[in-house]
1. Only one residue in Ile127, Ile204 is β-branched (Val, Ile, Thr), under 18 Å from Lys398 (Cα atoms) and either at pLDDT 90 or above or in a loop (DSSP other than H, G, I, E, B) (or both). Which one?
2. Do we find that Thr437 is more than 21 Å from Ala68 (Cβ to Cβ), at pLDDT below 75 and loosely packed, with under 12 Cβ neighbours inside 10 Å in this structure?
3. Has region 2-20 got any residue that is closer than 30 Å to Lys269 by Cβ and either touching a residue at least 24 places away in the same chain (Cβ under 8 Å) or in a helix (DSSP H, G or I) (or both)?
4. Which of the residues spanning region 211-251 are crowded, with 22+ Cβ neighbours inside 10 Å and either among the acidic types (Asp, Glu) or part of a helix (DSSP H, G or I) (or both)?
5. Out of Val156, Val179, I need the residue that is at pLDDT 95 or above and of a type in the set (A, V, I, L, M). Which one?
6. Which ones in region 387-409 are assigned to a helix (DSSP H, G or I) and without any contact (Cβ under 8 Å) to a residue 40 or more places away in the chain?
7. For Leu89, only one of the following conditions fails: (1) surrounded by fewer than 18 Cβ atoms within 10 Å (Cβ to Cβ); (2) modelled with pLDDT of 90 or more; (3) within 17 Å of Thr404 (Cβ to Cβ); (4) out of contact with any strand residue (DSSP E or B) (no Cβ under 9 Å at 6 or more places or on another chain). What is its number?
8. Can you find a residue in region 369-391 that is crowded, with 17+ Cβ neighbours inside 10 Å, touching a helix residue (DSSP H, G or I) at 6+ places or on another chain (Cβ under 8 Å) and modelled with pLDDT under 60?
Amino acid sequence: MLLPIPKNPQLEKKEKKWNQIEGLLDHNDDILIDYARQFPNETNSAFDARKKYFLETFINKSRDLISAPVNSVFGQAIKNNFGSENSLLKDFSENVILGSNLLDLKTYMRDYVAIGLRAYGNTITVIDKPKIAPVSREDERNGLLPYLSNVRPQDVLNWYLDTDGDFLWFAYRKLYQDVWLNPFEERTPDNKEFHFLWTKTDLIVRDNQGNMNTDLSFKHNWGTVPIVWQTTFKTRPDDIIGNAAMEQTSNYIMTMNNLLNAGVHELYKHGGSLLLMPDDAITATNFTTDENGETIAKRQDKNGMFLYQGEIKPEYLVKQLEVDRMMQWAMFYAQEAADNERDLKSVAKKGTDGEMVQESGFAKVVDREPLTASLISLASSLETYAKKIYDKVSKIIKQQNDATFEFDKDFDLRSVQQKFEEIATAQKAAIGRLSPTMEKELFRNIIGDITSDTKTQKIILTEIDEAGTEEEMMDAQIGELVKKTVNGGFGKPEEKTGTE
């Protein structure tokens, strides 16, 4: 009897949090409904009524918070060098996926790996290779090189490490769907779950009933388990699972949205209840008389008279409609979410038990320069990931690893506005007359903010280098763009009077 592969207990603790983060990143409506929280003293009927508006009021900044540092890191210069132009690793890096659609390693890391590290603290990549055995190096170049695919952290089942800390085996699950050949005669094929087990010599694939799938299984004899698991912020050196600030940030985002939703819903209820009642609209339906014969409203708010629509009195969750205070708390949590992603406070200095640990050198950098530390941390993790990928691929294709992958970590954290203001100030002070090199450097710093097209960047850079005077520089392509921005955003330059 075949035993099922048990789920690693460490993963079970993380799965709920990872699903919560995935729901935010995908903005799945079904999952978002589950994010609505019932407040203390809120009745079930009132909660059900409020949930109808939950998605309408939902503000989701998750992707912005995740992608902002990724864009900053990949906006820097990247050195991806190889021992020779004929390196197979160079050919591999130019297309790392299977199929005709080209996707280079840099783009793959930006769109899949870096996002995973920021969101989940973990990225798991499988390195596979077509089963056809290449006869020559030329065969490998023509479509038989290894390729990459990522595994969701939630789909990892288990693993075992050998004494050297390498994988002895690694297992995960994956859904497959048979080819749908004739939609007129066939129903949509069902998704089937398969369990993949990689060892240092084999790939063994079974369905969830334990039956072997011979089409997907094969013997590779690569001498390594082709899995790269890159993590961030491990709580202990011997841990394999990493942590991400998003685990706490997602809670802030959920709390913020529940406060926003409750506040907006209170305004909906109150707005629906208020009516302007002229004297001639007073009828037995709207008003009644007390024991002294005085006319009174059937329903009365203590801060003023109102009549609500229908016969059911609005059931307020917030006393005295203190919606402003609720909105202030919502904005507090929004700021906490942004600060946590920027400063990494929830992962940089806490141990496994949640207690503050002795500050490391990195933790001190987080306190002193949180933005820089966050970007350097991400860049370093990606460099380690690239090295692991190249090491594994080299072993598979039996070639020495001659590749290097390195980010420029001299991050410029000034805003575009700051850079333009510095140029405007320098021109007003006639810095170009004192040091043309200094003025050119200010112009060079703005190129990446104006355009991401490498061809245009080279043209602008050439114009800046060839410009000999301030007037020539301002006539260049970048000069025209700067003048428009400065004149439009920071006030027009003073008009010159007299003769020069």
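The values are calculated or read from the model by the stated rules, or taken from the named source; none is laboratory data. Treat the numbers as computed from the prediction; the structure is a model and nothing was measured. For neighbour counting, all protein chains shown are included, and Cβ atoms are generated from backbone atoms with ideal geometry for every residue, glycine included.
1. Working: Ile204 fails: under 18 Å from Lys398 (Cα atoms).
One residue alone meets the criteria, Ile127.
2. Spelling it out, it is not the case that Thr437 is more than 21 Å from Ala68 (Cβ to Cβ), at pLDDT below 75 and loosely packed, with under 12 Cβ neighbours inside 10 Å.
3. Yes, region 2-20 contains a residue that is closer than 30 Å to Lys269 by Cβ and either touching a residue at least 24 places away in the same chain (Cβ under 8 Å) or in a helix (DSSP H, G or I) (or both).
4. Once the filter is applied, which keeps residues that are crowded, with 22+ Cβ neighbours inside 10 Å and either among the acidic types (Asp, Glu) or part of a helix (DSSP H, G or I) (or both), region 211-251 yields Met246, Thr249, Ser250.
5. Checking each option against the conditions leaves just Val156.
6. Going residue by residue through region 387-409, those that are assigned to a helix (DSSP H, G or I) are 387-397.
If the condition is that a residue be assigned to a helix (DSSP H, G or I) and without any contact (Cβ under 8 Å) to a residue 40 or more places away in the chain, then Lys387, Asp391 are the ones that fit.
7. The single condition Leu89 does not satisfy is (1).
8. Within region 369-391, none of the residues are crowded, with 17+ Cβ neighbours inside 10 Å, touching a helix residue (DSSP H, G or I) at 6+ places or on another chain (Cβ under 8 Å) and modelled with pLDDT under 60.
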